[in-house]
Amino acid sequence: MRDLTFALTKGRLAEKTLSLLSQCGIHCEDLSEDSRKLVFVDPENHVRFFMAKAADVPTYVEQGAADIGIVGKDVLLEEQKDLYEVLDLGFGKCRMAVAGFPEGKKLLNQRGDFRVGSKYPEIARRYFLSRHQQPLILKLNGSVELAPIVGLADVIVDIVETGSTLAANGLVVLDAFLEISARMVVNKASMKLHAERINGLIQQMSEALRRMEDGR
C-alpha cells in the first residue's frame, strides 16, 4: 500500500495535529523540529510526515509532493492554491485584523492615500477593494507591528491572537474582519486516487475533534 504523505506546518499546528492523529491511531514519536531527519514514517499505517513553513504547505500539496496538508486559513487565502479544503480543525484560532494607532480608524472611512503594511498583501488588497479603497500595500516579513511605529505604514493587516503585542506598543485592533483556524487540505488527484482512505481519515479526525469538544 502506498504511503499517504502529510505536510505539516511547523510549530504549534504540527504539535496539535500530531496529537489529533494519535487519537486516530496514527503515530510518529520521533518527529521533532530538532531532528535532522526531514521525513518521518508511521510504517504500520502507511503514513509519512514532513514539516514545512506555513506558506510552503499549500504548494507541496497542490503539486502532489504531499497528499494532505495542515495549514492556517490565512495562508490558504493568501496563497490561493488549487486544493480541496476538507476539514476545519478548530485549533490555531485567531483573527485577521486591521490594526494601528487609534487615530487610524478614520482611514477606514476615507478614499485618500494611505499605506498598509502586511505579511498578507493579497488578503489586505481584497479587504480594501471590498471597501472601494486602494491604498499602497507594502509586503513585510518580520514584525509587522513595527511599521506604524516607525512611520513606514499608517495601518497594518495581520493575524491577532491575544492582542498583547499590539497593546504593548500602543496599537489597537481597528477592524477584525476574518476568523482563522487550522484547516486540512488535500491534493485533488490524491482525493480521486485514494478517496476511500482519505475520506476515512477525514471521518476519523472529525470524530476525534468531536470527542475533544465533548471532553471540555
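The values are calculated or read from the model by the stated rules, or taken from the named source; none is laboratory data. Note that the coordinates shown come from a computational prediction; the quantities given were computed from them, not determined experimentally. Here Cβ is always computed from backbone atoms with ideal geometry, including for glycine, and neighbour counts include all displayed protein chains.
Overview of results
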| item | result |
| --- | --- |
| Selected residue (only one of ILE202, ILE180 is surrounded by 19 or more Cβ atoms within 10 Å (Cβ to Cβ) and closer than 30 Å to ALA66 by Cα) | ILE180 |
| Residue match in the stretch 63-73 (condition: basic (Lys, Arg), outside any strand (DSSP E or B) and either touching a residue at least 40 places away in the same chain (Cβ under 8 Å) or within 18 Å of ILE198 (Cα to Cα) (or both)) | yes |
| Criterion: at pLDDT 95 or above and not β-branched (Val, Ile, Thr) - qualifying residue of LEU89, LEU108 | LEU89 |
| Filter result (assigned to a loop (DSSP other than H, G, I, E, B) and closer than 21 Å to ILE180 by Cα) within the stretch 122-169 | ARG131, LEU140, ASN141, GLY142, SER143, VAL144, GLU145, GLU161, THR162, GLY163 |
| Odd one out for GLY163 among (1) surrounded by fewer than 19 Cβ atoms within 10 Å (Cβ to Cβ); (2) more than 20 Å from LYS73 (Cβ to Cβ) | (2) |
| Whichever residue in the stretch 70-92 is more than 18 Å from PHE177 (Cα to Cα) and β-branched (Val, Ile, Thr) and, among such residues, is nearest to the chain's Cα centre (by Cα) | VAL71 |
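Listed here are the residues, each with its yes/no results for (1) on the phi > 0 side of the Ramachandran plot; (2) surrounded by fewer than 17 Cβ atoms within 10 Å (Cβ to Cβ); (3) of a type outside the set (Asp, Glu).
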site: ARG111; (1), (2), (3): no, yes, yes
site: PHE114; (1), (2), (3): no, no, yes
site: GLY142; (1), (2), (3): no, yes, yes
site: ASP158; (1), (2), (3): no, no, no
